[in-house]
Amino acid sequence: MNELFRRLLMLPPQASSVARDVDTLHFALISVSVLGWLGVLSASIWFVVRGRRTGENGAPRGLRKFPSWLEPAVIGALLSGFVGVWLIGHAQYVHIQTPPRESLDVYVVAKQWMWSFAYEDGTASQHDLFVPARRPVRLLITSRDVVHSFFVPAFRIKQDAVPGRMTVAWFRATQPGSYPLLCTEYCGLSHSRMRGRVIALEPAHFEGWRRRFIDRDRPELSAISAGVGRARGATDDLASQGERVASERGCTRCHTIDGTPHLGPSWAGLYRSQVALQDGRRITADDAYLTRSMMDPLHELRVGFQAIMPSYLGELSAAETGALVAFIHSLERAPSAPRRAPLPYPSTTPVVVPAQRAPGKPGDSASPQLEVETIPTPATERP
Amino acid sequence: MATPVSHPVNEPESASGRALRWAFLALLVLTGLSWAGAHAPLGHLHGLFALGVAAIKALVVAFVFMELRHAGFVPRFIALLTLLFIGLMCTGIVADALWR
Amino acid sequence: MSVDEGMASQAAPRERSFWTADTSVRSWLLTRDHKRIGILFLVGTSLSLALGGLFALLLRLELLTPDRTIMGPTTYNKLFTQHGVVMVWMFMIPAIPGIFGNFMLPIMIGARDVAFPTLNLASFWVYVLGAVVTLTALAAGGVDTGWTFYVPYSATSLSAVGWTVTGVFILGISTIMSAINFIVTTHTLRVQGLGWMQLPLFVWAIYGTAIIQVVATPVLGLSLLLVGLDHGFKLGIFDPQYGGDPIFYQHLFWFYSHPAVYIMILPGFGVISEVVSSFSHNPPVSYRLIVYSTFGISFVGFLTWGHHMFVSGMSTFDAGIFGLLSMFVAIFSAIKVFAWTMTLRGGAISLTTPLLYFFGFMFLFVFGGMTGVAVASESLDVHWHDTYFVVAHFHFVMVGGTLTAFLAALHYWFPKMTGRRYPERLGIASSSLVVLGFFFTFMPQFLLGNAGMPRRYYSYPEAYQWLNVLSTGGASVLACGLLLTLSYLCVACVRGAPAGDNPWGSRCFEWRVASPPPKHNFTELPDFERGAYAYAEEGGLP
Amino acid sequence: MSRESAALASQAEPSPYAQPETRRAALTLAIWVFLGSETMLFAGLFALYTGYRALYGADFAHAAAFNEEWIGSLNTFVLISSSFFAAWALHAVRAGRRVMALASLCAVIALGLCFLGLKSLEYYDHLSRGIAPGQFYTFTRLPQHGARLFFTLYYFMTGLHALHVIVGLSIMAWLLHRVHRKRTTRERHVELELGALYWHLVDIVWIFLWPLLYLIR
């Protein structure tokens, strides 16, 4: 019954501990609504059919007297029905909003147009949130620029990411799998591309992922988790300062750092590369060119881009400019094409994630390889 | 037979000159009181006191200067409704700010 | 446009109608006649509807395929913003009050005009000014914030936010002018002996709407002013960089915009009450309940704004309060639906286009309303918030409710306004097209929302394509229906058969004057002592 | 009935009012509705003030101390007096004392201008110290977020109010003109009633702004 309704209403799989309950209320409410709807409609049609018959003769039979109890009865029934729905819905809402005590904390930072995640121990990831299955995970969500919203349809949870505030959500994935993560609060140009995944691993695999990440990528930790981890004494070299400047000043709204095409040229692999200008020249994107482009962007415009960037003359301090150049420098060896395959979305069936499972056919993006080795490393590689 | 006339409206009794002068005096006294209250050691009651006095002053202005005491039901109702909605809005926002 | 010839059949010499009393262009543009202002609003809001509808069609075309179809994401974002702005502030809020409120309300209460005719004219021209300024944003590059203007995005967006918020601010002024006029007219210009509880239900609806408008619109004005200052001068009162709280903006915005939903639907309710009573030749069941629920909606509508913010991080306590109050506001609409259905009972029903639109209304609005109860229940809203489910829900209510009521009103009062009849068969055909087209446009969107497709999505996963195609197909049918309506109504304005004063056999007051009404509404005052719904008296139809 | 119909038809541009008394009632009702609507414009700012006060209570208290209390208090006195004179002008017109009415209206305008003068003095003082709204805020003694928000709100609230004072003053000047030209008389003075009501509302708003922005620390 549950499965029939779920498929009929095209709901995603019920992959969190709360999904089943929420759906049950959903099914009940929709059924009652449709019944009530049909009731009202058939009553109207019945009255019309009868009214047509008498109506032709020209005389309405007039309002027949109502039983006096009908009005209060209808109002009372509606009221108690609605309040009943509210009671259940509210109880569930309180449950959804109250994280259990022993949950794993993950700091979620949204920005235009990506998600980044950081764990208490310094592990971090972008786009993909790795969590252990069957264990409650508490999300501490914030945003660096505008309002976003963290939405995992399969978990039936959603929470806004509000700049300047920390909001809280939690979930417990019932089984391992990959679940689409979407941004539901309109946040500008690439709102519909701000997608990620929640990847629930068997607890043992999750531990493995975490240990490997720390062993291999320890040097990276501080920069990635800078957004939330600054207070924890992260190292603050010039390039990571630059990364911060880039997001605070809104550079990353138009310039990507992983090679994805966007409004402005991507910074990945930009440093010291040859670029073609609209006046026909080709020049090297060295420190001087980068600085000039911030201050007078329209003067040396690259081929294939529109003249939309505002001048940052007087907006950026010398230190900020230097930090930005250092950050772009740090992306010198970043690949200049997106390294990630398009997101496998939506996954209507949860992917079972044994690490030893054979990889899918090449190009088969519907069954993502979730081998721990292929976890995308963060795009911010530095020499 | 129905005729297109309106409902008779009484010329509101105008506020007497004496009432106006008394109201003015009361407003001045209340202003002084409000100022004194701001400098008295009232602790966290400061805000309550200042706003309370302000409310009384507003009532004096509304009822005497704006002749609400002679006005009919409708203007009073509008005044009440406006206050109610301001209250609602403040309550809604403060409730969210305090308890989230 | 000449519409007078059709009425020559009447034997008694009649005063010339308001259409032909003076035919100079100036006498139209600077008219203080409430009926002509109603016609001006009809032209203005219909143009807005056409423009907003065109935007909607373009959006639906873009969504035919998962990625780029006809436009890029920047254009798409600007189009859905303009669609929302145009439809909400330039069509749905001013349409029914501006056209039919202006035209009918004074006649229905036996007044020669509204209380302040000049203010009424000003309200139309302020509307035009606001519309022009709003649309200037298009010339200035468009605005891409969504009609909700959420900060901080709207404050930092590089698009023409300034023009749009200024335009909407000006449209708000026009709304308040009209609203003050309606309130004062209803209070002071009722014909002697016409008590409050004898007013036609449409008057009540316009009156209740006007109250919401004067209370809520200034709050919108202020919030848009603050957004404009933030965008133009970085005075950010909501700017998180300076410690401001973007959520406060949402509170202010929804304090206006939730009641604004009722600003849009209440006049529709009024129309529906009139239509169902006129075509079943029955007095409305529980007149009092309908009136009380109008005021219940007007008031409780102000207490529920928080249900737009269940996932913004508000406390569970607040959410609970707002959730419960939202359930109460649903009760009032349910009462009305009950009353309308029961009004049909035992009636002598004539199945005409307005009544078909009434059924369209019941078919769509009732379902939309029930999904409203669903999204108001907190735990379900967490899943549905900002998905296509919500899009489908408010289109069912706003388009399925307000637009069908608007079309019902247009057909119902067409003979009164022009003195001519529209072709009934075409009316029936187009109403079926509209209702079916609408149903197939938005029904799939409920499912899309269930599946988790967020709103304002330029590109979407391929699995959703078939539902989107269905929706686009429905939208084209809907557009055909509306175009058909437009064309036959235009023809009927000039060529329609003479309608006579009361073609529907209605008892309501406006049908007791000539069609179209003379310039000063009454050559001689009709009998207002026999009630507007006096069907039970004297047996048969007139 | 027939005579009335004839009267209805004969009037070229009839007023919708059958009796002049109805016009007065309509205008009075309209101004009350308008004032309620106008108050809701301020309501949003009051709500923001309470909301931010709930978040930044201490900062607000510190910041309020940097508003010149004597200017605020003096302005309260000035505005209350002007409100009294507005009421007095109406009283005088009703009693047929035209000269007294003219003098009262002059007093209203003078006091209103005095209010604006003091307000500009305070704005000037604030701006010269770097206390400016939003991004222009450079007052180093109170660097906290709350203080910046307080002063941004201060500018919005007093600015919107000052705008209303300016509108009110224009209305008062117009009324002065009408009384002077004997167009507003003992018999016909509804415009003075409406103008005075508007002016009193401006006063009431300030009565609340004063404690919120100056007194509560």
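Checking C:THR387, C:THR341 one by one, the residue that is hydroxyl-bearing (Ser, Thr, Tyr), closer than 23 Å to C:SER432 by Cα and at the interface with another protein chain (Cβ under 9 Å from one of its Cβ atoms) is C:THR341 and no other. Determine the pairs where a residue that is under 27 Å from C:GLY505 (Cβ atoms), located within region C:391-414, has a partner that is not in a helix (DSSP H, G or I) with Cβ atoms under 7 Å apart, the partner being 6 or more residues away or on another chain. Cβ pairs passing all conditions: C:HIS411/C:TYR422; C:PHE414/C:TYR422. At least 1 residues being over 29 Å from D:LEU29 (Cβ atoms) is the threshold, and among the helices (runs of 4 or more DSSP H) wholly inside region C:39-124 those reaching it are C:73-85.
Considering only region C:498-515, I want to know if a residue exists there that is at pLDDT below 95 and farther than 30 Å from C:GLY347 by Cα. Within region C:498-515, none of the residues are at pLDDT below 95 and farther than 30 Å from C:GLY347 by Cα.
Here is a yes/no grid of residues against (1) surrounded by fewer than 19 Cβ atoms within 10 Å (Cβ to Cβ); (2) away from chain C (no Cβ under 14 Å); (3) modelled with pLDDT of 95 or more:
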| residue | (1), (2), (3) |
| --- | --- |
| D:ALA110 | yes, yes, yes |
| D:LEU118 | yes, yes, yes |
| D:PHE136 | yes, no, no |
| D:ARG141 | yes, yes, no |
| D:ARG148 | no, no, no |
| D:LEU176 | no, yes, yes |
| D:ARG183 | yes, yes, no |
| D:HIS189 | no, yes, no |
| D:ALA196 | no, yes, yes |
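Selection of region B:72-94 for residues being more than 24 Å from D:TYR49 (Cβ to Cβ) and facing another protein chain (nearest Cβ under 8 Å) yields B:VAL74, B:PRO75.
Keeping to region C:312-359, report how many residues are on the phi < 0 side of the Ramachandran plot and in a loop (DSSP other than H, G, I, E, B).
The total comes to 10.
Looking at (1) of a type in the set (Gly, Ala, Ser); (2) at pLDDT below 90; (3) closer than 30 Å to B:ALA95 by Cβ, can you tell me which one C:SER326 breaks? So C:SER326 meets the others, but not (2). Do we find that A:VAL351 is at pLDDT below 80 and β-branched (Val, Ile, Thr) in this structure? Yes. If the condition is being of a type in the set (Gly, Ala, Ser) and either surrounded by fewer than 24 Cβ atoms within 10 Å (Cβ to Cβ) or under 21 Å from the mean Cα position of the chain (by Cα) (or both), then region C:138-156 contributes C:ALA139, C:ALA140, C:GLY141, C:GLY142, C:GLY146.
Conditions first: (1) over 23 Å from C:PRO423 (Cβ atoms); (2) in contact (Cβ under 8 Å) with a residue 24 or more places away in the chain. C:PRO516 passes all but one, so which condition is the exception? Every condition holds for C:PRO516 apart from (1).
Looking across region C:134-178, the residues that are over 29 Å from C:GLY208 (Cβ atoms), among the hydrophobic types (A, V, I, L, M, F, W, C) and either outside any helix (DSSP H, G or I) or away from chain A (no Cβ under 14 Å) (or both) come down to C:LEU135, C:ALA137, C:LEU138, C:ALA139, C:ALA140, C:VAL143, C:VAL151, C:LEU158, C:ALA160, C:TRP163.
Take the conditions within 20 Å of the chain's Cα centre (by Cα), surrounded by 22 or more Cβ atoms within 10 Å (Cβ to Cβ), modelled with pLDDT of 80 or more and in a loop (DSSP other than H, G, I, E, B) and apply them to A:TYR179. Does it pass?
Against the criterion (within 20 Å of the chain's Cα centre (by Cα), surrounded by 22 or more Cβ atoms within 10 Å (Cβ to Cβ), modelled with pLDDT of 80 or more and in a loop (DSSP other than H, G, I, E, B)), A:TYR179 does not qualify.
Might you let me know whether region D:73-96 holds any residue that is more than 10 Å from chain B (Cβ to nearest Cβ) and at positive phi? Yes, because at least one residue in region D:73-96 is more than 10 Å from chain B (Cβ to nearest Cβ) and at positive phi. Scanning region A:85-95 for residues that are more than 7 Å from every other protein chain (Cβ to nearest Cβ) and over 13 Å from C:SER326 (Cα atoms) turns up A:ILE88, A:ALA91, A:HIS95. Identify, please: which residue in region C:104-126 is of a type in the set (Phe, Trp, Tyr) and in contact (Cβ under 8 Å) with a residue 24 or more places away in the chain and is, among those, surrounded by the most Cβ atoms within 10 Å (Cβ to Cβ)? Ranking the qualifying residues of region C:104-126, first place goes to C:PHE124.
Is it fair to say C:VAL375 is at pLDDT 90 or above, surrounded by 22 or more Cβ atoms within 10 Å (Cβ to Cβ) and either more than 9 Å from every other protein chain (Cβ to nearest Cβ) or within 21 Å of C:VAL399 (Cβ to Cβ) (or both)? Yes; evaluated as a whole, the condition is true for this residue. Every condition in (1) at pLDDT 85 or above; (2) on the phi > 0 side of the Ramachandran plot is met by A:GLY122 except one, and the failing one is (1).
Of the residues C:GLY243, C:GLY236, which single one is modelled with pLDDT under 90, within 7 Å of chain D (Cβ to nearest Cβ) and crowded, with 24+ Cβ neighbours inside 10 Å?
Working: C:GLY243 fails: crowded, with 24+ Cβ neighbours inside 10 Å.
Selected residue: C:GLY236, the only one of C:GLY243, C:GLY236 that is modelled with pLDDT under 90, within 7 Å of chain D (Cβ to nearest Cβ) and crowded, with 24+ Cβ neighbours inside 10 Å.
Residues considered: D:PHE150, D:PHE208. Of these, the only one that is out of contact with any Gly (no Cβ under 8 Å at 6 or more places or on another chain) and over 26 Å from B:LEU20 (Cβ atoms) is D:PHE150.
In the set (1) modelled with pLDDT of 90 or more; (2) farther than 26 Å from C:LEU220 by Cα, the condition left unmet by B:GLU11 is number (1). Filtering region C:39-71 to residues that are over 15 Å from C:ALA475 (Cα atoms), of a type outside the set (A, V, I, L, M, F, W, C) and crowded, with 19+ Cβ neighbours inside 10 Å leaves C:GLY44, C:THR45, C:SER48.
Taking into account only those residues within region A:141-168 that are in contact (Cβ under 8 Å) with a residue 40 or more places away in the chain, touching a Leu at 6+ places or on another chain (Cβ under 8 Å) and crowded, with 24+ Cβ neighbours inside 10 Å, which is nearest to the other protein chains (Cβ to nearest Cβ)?
Checked region A:141-168; the qualifying residue nearest to the other protein chains (Cβ to nearest Cβ) is A:PRO153.
The values are calculated or read from the model by the stated rules, or taken from the named source; none is laboratory data. Bear in mind that the values here come from a model prediction, so they are computed numbers and not experimental data. Every residue, glycine among them, receives a Cβ derived from its backbone with ideal geometry; neighbour counts consider all protein chains shown.
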